[in-house]
């Protein structure tokens, strides 16, 4: 599964709304605001910065000795759109996301999800050889999807 950088990009825009920063400081700020539950890597932050530059949501600060980034009008608009769709404080949600990822429950969920994905790949491989197995697998996945939908709908009320 491909990892998305969207949430990191929004976090970067939030930081740059406060003041211009260079990449290393952005990484340190992201870690600090996650309360130490997130370790920002150059492999995540710099590609996110590059995408934001390409989308013209940020720019390089012209008068800086270091490669410092600043938010553009386009970046401010994206940030405003994001804030309109969300409730609550962004940095609280940022920290909560990483606290959850470090929890026992999240670690267990990741382990069982990986086991599930492995077994599903095996079942798909077997289903390619037998049309009857394909039908059973489709039915099983549809049933599990419906159960998840019902459970998720129950959580919304």
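Only the coordinates and a few stated rules stand behind these numbers; no lab work does. It should be emphasised that the depicted structure is a prediction, and the values quoted were computed from it without experimental measurement. A quick note on method: Cβ atoms are made from the backbone with ideal geometry, for glycine too, and the neighbour counts reach across all protein chains shown.
Some notes on this structure:
- Between residue 92 and residue 112, the FRET efficiency estimated from the beta carbon spacing at R0 = 41 angstrom works out to 0.90.
- Against the chain, whose longest principal axis is taken from its Cα atoms, helix 73-85 shows a tilt of about 50°.
- Rounded to 10°, Cα long-axis angle of helix 23-33 versus longest principal axis of the chain: 60 degrees
- The fewest-to-most ranking of 38, 46 by surrounding Cβ atoms within 10 Å reads 46, 38.
- Full extension of the chain between residue 101 and residue 136 gives 9.2 nm of extra length, using 0.36 nm per residue less the Cα-Cα distance.
- Selected from 88, 36, 75 as most flexible by GNM, with the chain as the system and alpha-carbon contacts under 10 Å: 88
- Label-zone membership for region 2-44, site residue 121, 7 angstrom Cα→C-beta point, backbone N under 18 Å: 2-3
- Pair-distance profile P(r), taking every C-alpha pair of region 1-72, with 5 angstrom steps and integer %: 3, 18, 30, 27, 14, 6, 1, 0
- Computed from Cα positions, the angle between helix 90-101 and the longest principal axis of the chain comes to roughly 40 degrees.
- GNM on the chain, alpha-carbon springs under 10 angstrom: the most fluctuating residue among 119, 142, 18 is 142.
- Taking a quarter of the surface of the Cα convex hull of region 1-123 gives a mean projected area of 9.2 nm².
- Residue-span extension gain [residue 129 to residue 7] - 0.36 nm each, minus C-alpha spacing: 39.9 nm
- Shown for 116, 91: other C-beta atoms within 10 Å of each C-beta, ranked fewest to most, produce the order 116, 91.
- Put in line by how crowded their Cβ is, counting other Cβ atoms within 10 Å and starting with the fewest, 98, 7 read 7, 98.
- Listed peptides 49-58, 105-114 by packing density, highest first (mean Cβ within 10 Å): 49-58, 105-114
- By definition, a body whose alpha carbon gyration tensor gives a ≥ b ≥ c is prolate when a/c is 1.5 or more and a/b is larger than b/c, and region 52-138 fits this prolate description.
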